């Protein structure tokens, strides 16, 4: 296996999904001795990033909710209970960092909370639809580079029930969570049956050396009627190693179109 | 050239906040909203090299030089916007999300946002009952010159009004709300199209959340100044 290059790698292919109540295996078993396959019921190809409902639609397990009145044929989480829309997501990836390289597993958003298993190790991702999760997985990656990842995704804690006459935000219970509220239905939208449960944004690996850059902040200030401008940049740096890192930090600004460097 | 490097030592296992020396630009190409000018984007790349290792990490982002100001007009009660010192007539539309199943591809975002620009819009308002939009959404708003009014996850119907009247105290976990808000700001703050953060839709968030958001999002006095005084970077951070 080739040495890993520094940078981000998306995990957006090869995902499988299954309803949690139809899977007897534990997260540890799924990511060690019993990895699932697409040919194996109840596992189906998953939409990641996407929602549980997107996965069900993709596999023709429910009708397209946005076609005609087909949303009425899909059971609502308020009737089925949360377990019905609690799903496993599974994928495999190759990654074998070299010495002094570090690997983070990043979820840019999950709705609403999750248990992550990687090669038998468990990590709990706390609640909240609009937050990033970052797990340093360097020490739990497979020495041979073949890694098994399973994510058990739970719906919002308070998915609510949809009153017979619908209404703005259904019974408003979803407002108890930090999540999108339109999912209980509005004057412009039918209720979303799974309340958008799922790994709904990017999943990626970030491979770095000993020092990692976090969340730079760029701000400009202007003077002399916009003739003079300054670009201010602040960032966080993490040294993951057990030695003092002697760093060279550089910032370079170029034009987007041709990549040339602007001349002062 | 707009290239600057510096050396620093970072202790083992430590986490530091660092401010780079500011970069000076003479007459940068300013970013303008759709219909007022072009949307030049500079590519900012930050790299950290570690001795005896080489390149350890790098980060890049498109950056647009622009100054957005807004205030509530006492005569009309409406919010007035200025970009780069010029008043702008807002032609905006409400936006909730691109797809109810959250299949939010770059291609889909590009098509939707280009369509809004071609409708001659210059602002999109991301409704509080929907999403904090994704970086790809903002990327195409940067490119097509759509200003973004981004609301946090509070609505009148679910947070204090509605039929029956809902709970005005917002989500159960206020700290979680603020954690998500702060993380979202960090995710999106470098996009030139990002014009305004708003507490919610047709409702003010609970007092503690509202106060914390206002505190965290207030503009540093340095950036409000229109004088020619030049502060040192230490004054800012």
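Odds and ends about this structure:
- Residues of region B:9-53 satisfying the condition of being more than 7 Å from every other protein chain (Cβ to nearest Cβ) and modelled with pLDDT of 95 or more: B:29, B:31, B:32, B:33, B:34, B:35, B:36, B:37, B:38, B:39, B:40
- Filtering region A:237-248 to residues that are at the interface with chain B (Cβ under 7 Å from one of its Cβ atoms) and either without any contact (Cβ under 8 Å) to a residue 24 or more places away in the chain or closer than 18 Å to residue A:6 by Cβ (or both) leaves A:237, A:238, A:239, A:241, A:242, A:244, A:245, A:246, A:247, A:248.
- Once region B:73-94 is narrowed to residues that are within 14 Å of chain A (Cβ to nearest Cβ) and in contact with a strand residue (DSSP E or B) (Cβ under 7 Å, 6 or more places away or on another chain), the residue that is surrounded by the most Cβ atoms within 10 Å (Cβ to Cβ) is B:83.
- Among residues of region B:165-177 that are touching a residue at least 24 places away in the same chain (Cβ under 8 Å), those with a beta-carbon under 7 Å from a residue that is part of a helix (DSSP H, G or I) and crowded, with 17+ Cβ neighbours inside 10 Å at least six positions away or on a different chain give the pairs B:170/B:177; B:170/B:209; B:174/B:209; B:177/B:209.
- Of residues in region A:163-175 being facing chain B (nearest Cβ under 8 Å) and buried (at least 20 other Cβ atoms within 10 Å of the Cβ), the one farthest from residue A:110 (Cα to Cα): A:168
- Being at positive phi and touching a residue at least 24 places away in the same chain (Cβ under 8 Å) holds for only one residue in A:111, A:106, A:100, A:147, and it is A:100.
- The lone criterion from (1) surrounded by 17 or more Cβ atoms within 10 Å (Cβ to Cβ); (2) within 18 Å of the chain's Cα centre (by Cα); (3) part of a strand (DSSP E or B) left unmet by residue B:97 is number (3).
- Among the residues making up region A:197-219, those that are touching a residue at least 24 places away in the same chain (Cβ under 8 Å), facing another protein chain (nearest Cβ under 7 Å) and either under 19 Å from residue B:46 (Cα atoms) or more than 21 Å from the chain's Cα centre (by Cα) (or both) are A:208, A:209, A:210, A:211, A:212, A:213.
- Flag if residue A:225 is more than 7 Å from chain B (Cβ to nearest Cβ) and under 30 Å from residue B:29 (Cβ atoms): yes
- Which listed residue is surrounded by 16 or more Cβ atoms within 10 Å (Cβ to Cβ) and touching a helix residue (DSSP H, G or I) at 6+ places or on another chain (Cβ under 9 Å), from B:18, B:62: B:62
- Within region B:23-52, the set of residues being crowded, with 16+ Cβ neighbours inside 10 Å and part of a strand (DSSP E or B) comprises B:23, B:25, B:30, B:42, B:43, B:44, B:46, B:47, B:48, B:49, B:50.
- Inclusion of residue B:70 among residues that are under 22 Å from residue A:208 (Cβ atoms) and more than 8 Å from chain A (Cβ to nearest Cβ) is not warranted.
- For region B:100-136, the set of residues classified as surrounded by fewer than 19 Cβ atoms within 10 Å (Cβ to Cβ), within 14 Å of another protein chain (Cβ to nearest Cβ) and over 27 Å from residue B:80 (Cα atoms) consists of B:103, B:105, B:106, B:107, B:108, listed by residue number.
- Selection of region B:192-218 for residues being under 27 Å from residue A:214 (Cβ atoms) and at the interface with chain A (Cβ under 10 Å from one of its Cβ atoms) yields only B:192.
Rundown of residues vs (1) more than 7 Å from chain B (Cβ to nearest Cβ); (2) buried (at least 18 other Cβ atoms within 10 Å of the Cβ); (3) closer than 26 Å to residue B:151 by Cβ, yes/no style:
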residue: A:182; (1), (2), (3): no, yes, yes
residue: A:186; (1), (2), (3): no, yes, yes
residue: A:192; (1), (2), (3): no, yes, yes
residue: A:195; (1), (2), (3): yes, yes, yes
residue: A:221; (1), (2), (3): no, yes, no
residue: A:235; (1), (2), (3): no, yes, no
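The values are calculated or read from the model by the stated rules, or taken from the named source; none is laboratory data. Computed from a prediction, not measured in an experiment: that's the story for all the values here. Because the Cβ atoms are built from the backbone with ideal geometry, glycine has one as well, and the counts that use them run over all protein chains shown.
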